[in-house]
Amino acid sequence: MALTGLALSELFRQPATLLLILTNVVCTILVPLAVSHQLGQQTHLAVDSSLAFEFVFGLILAGYAACSTLHNEYLSGTILTIFSKPVGRLMFFLAKFSALAVLIVFFVFCASAASLLAERLTPRNFEFDTLGMRLLGVSLFVALIPAAIVNFRTRRSFVPYSLFFCALMLAGLVLILSTFDLEGHRVAFGSMINWSLVPACLLEGIALLLLAAIAISLSVRLAAPATVAILLVLLFAGLVSDHLTGLLAAVPQAGFVVKMILPDIQGFWPADKLAGGGIITGALIGHAAVYAAAYGTGVLCLGYAAFRNRQF
Amino acid sequence: MGETTDLVIEARKLTKIFQDFWGRPKVCAVNEIDLEVRRGELFGLLGPNGSGKSTTIKMILGLLHPTTGLLTVLGQSPRNVAVKSKIGFMPEESYLYKYLTAAEILDFYASLYGLSGNRKKERVSALIAQVGLDAARNRPIGEFSKGMARRVGLAQCLLNDPDLILLDEPTSGLDPLACREVKDILLGLVRRGKTILICSHHLADMQDICDRVAILMNGKVCAEGAVKELLINPGTLRLSLESPSRESLSAILDYIEKETGTRPLVDHTGRTLESVFIETVKQRNSIP
């Protein structure tokens, strides 16, 4: 528990964590402005873009955070002090993964709120959501002010407080905008938000947890640039795994091996399922969660096997 | 039998060879060393850079695995996690989380030893006071000087009231006064029956406090024994006299010359620079 707590506090203090989460939020909520030129299928474009941002920024965050929590322990030498105490390697490894998983859940929460806001802010027939735009513009700055005050008055780290207030602001904004229409009139709660995006974001969140398991296992041996690079390769290879298996149809054994090794990212990509008014069902999420749990456990076992005999 | 159970660290033909990526031998850091550290003694491991001191300490802690040889710590394998609850370790550098305060980091390490509640608070407070960091207990370690960080390092290694204490360069970066305090703490621990193994380059400090030392060179033990025995210069004696008169000194020297055939060297008994420094600083501090 103490190890997870420390790892969490370390992850939430990293300026890169704030930067990646805020960049994802800003990119996501800027998409509606980019699609205001009537390129066609504005809502579709906004949703796809926000989901793609969540995937890419989540992947970079998973890779970076995994290395900053585990690999950096070797570099800073703090692991020597930790393992001079009665701390088992499995406990340490799982504590690091748990902290990373909490960070990913936090990221998915912020990204989901940003996706809901992006979908709501997308102009339909040149009708801009001026209320939403104004609230969002002000809130992003307002969220950082209390964190700055806390930092100034108590000398506590700025980053975790700004992350907390940003998440609070995003959640508050979703709740406020779900009760008002584009003209600012009160409507039934939730009627102005496309809630079907929530399971889509959840599906991506499960994929990011799987990628986090891969990232923490890679970070046993590799530094952040190599870990993120391998994760990107796995992401794209996973997205085209069906195609790769098709190419290897002449050698079924090779196709089977590729399918077993590569994570089935295609199964977690929700944009295709949402296209044409489709919905993400609970059964689909359940199936994805079981797959991610099985694959993730296997990857964590390999990661731990590499970590167990690591010498410092 | 009694002697065997008194061995806190026992190494037989202990060897550590570092390998390259392909598993080929690269460096033999420790080469078939035999080492025995007994309960209640303060043992010093001396040697130049790269002689294998830190590698030996890391093997004792189970952080590195021996290539060959036998190593037991408190009668168990150093890879046994449970044995570490009886060990305290202070690494060469103060490997601490720089954003935590002294109190927070000690609280964290105390949790790893399973301490909780009031017992943890009391232990942390007592150690902060013992290493003289009361005034800085709520400052982040990143703002500490090297000497202050070393004090936190010492405090964290004493959290569990360990039976065996491993210290890598414990006085490095400390001013002479703090250095004396640390040495007094260590001597106090030995008086309480604790066993201490120190790696250091500070030979004067080692001479000051160690019962026995081993000198490592290129991964091998070149000399080992009690400090007093190692320091004896056979065939030479020192005679100290308290303020003798010129006449009596001359008579003594004449007598010795007559008996031994050589005239002895006469010099004032020297004080160490450390004792002069500590005395000066203490006198200065006592002036209101």
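Each part gets one Cα centre, and for the stretch B:13-39 versus the stretch B:83-98 those centres are 22 Å apart.
Secondary-structure-derived ellipticity at 222 nm for chain B, considering helices only, amounts to -11000 deg cm²/dmol, per-run term -39500 (n - 2.57) for DSSP H runs with n ≥ 4.
In percent, how large is the relative contact order of chain A, given Cα pairs closer than 8 Å and 6 or more residues apart? Write out the running numbers ahead of the final one.
Details: 392 pairs, mean separation 74.4, N = 312.
24 percent.
Just list whichever of A:85/B:86; A:85/B:183; B:53/B:220 have alpha carbons separated by over 19 Å in the model shown. All intermediate terms of the calculation are to be shown ahead of the outcome.
Values: A:85/B:86 9 Å; A:85/B:183 23 Å; B:53/B:220 10 Å.
With Cα atoms farther than 19 Å apart: A:85/B:183.
Pull out a ≥ b ≥ c, the square roots of the eigenvalues of the alpha-carbon gyration tensor of the stretch B:2-229, then state rounded if a/c is under 1.5, prolate if not and a/b is larger than b/c, and oblate in the remaining case. The shape class here is prolate. Remark: the stretch B:254-265, residue by residue, has Karplus-estimated 3J(HN,Hα) of 4, 5, 4, 4, 5, 6, 9, x, 10, 8, x, 7 Hz, where x stands for each Gly or Pro and the curve is 6.51 cos²θ - 1.76 cosθ + 1.60 at θ = phi - 60°.
Is the shape of the stretch A:94-252 rounded, prolate or oblate, going by the alpha carbon gyration tensor and its root eigenvalues a ≥ b ≥ c, with a/c under 1.5 for rounded and a/b larger than b/c for prolate? Oblate is the answer for the stretch A:94-252, as a/c is 1.5 or above yet b/c matches or exceeds a/b.
Residue by residue, the stretch B:177-193 carries 3J(HN,Hα) couplings of 5, 5, 4, 5, 4, 5, 5, 5, 4, 5, 5, x, 5, 5, 4, 7, x Hz when phi is fed to the Karplus relation 6.51 cos²θ - 1.76 cosθ + 1.60 (θ = phi - 60°); x denotes Gly or Pro.
Where in chain B is the longest stretch that carries no trypsin sites (Lys or Arg not before Pro) classed as loop by DSSP and with at most 11 other Cβ atoms within 10 Å? Longest stretch, sites excluded: B:1-191. Close amide-amide hydrogen proximity is noted between residue B:30 and B:16, each under 5 Å apart and 5 or more residues distant or on a separate chain (H modeled in the peptide plane; Pro and chain starts excluded). In order along the stretch A:161-171, phi translates into HN-Hα couplings of 5, 5, 5, 4, 5, 5, 5, 4, 5, 5, 5 Hz, rounded to whole numbers, per the Karplus curve 6.51 cos²θ - 1.76 cosθ + 1.60 with θ = phi - 60° and x for Gly and Pro.
Label the stretch B:246-286 by shape, choosing from rounded, prolate and oblate, from the square roots a ≥ b ≥ c of the eigenvalues of the Cα gyration tensor; if a/c is under 1.5 it is rounded, and otherwise prolate applies when a/b is larger than b/c, oblate when it is not. Walk me through the numbers on the way to the answer.
On the way: a/c = 8.07, a/b = 3.43, b/c = 2.35.
Prolate, because a/c is 1.5 or more and a/b exceeds b/c.
Read the figures in this text as sums done on the coordinates, not as results from a lab. Keep in mind that this is a model prediction, so the values were computed, not measured. Don't worry about glycine lacking a Cβ; one is built from the backbone with ideal geometry, like all the others, and counts go over all protein chains shown.
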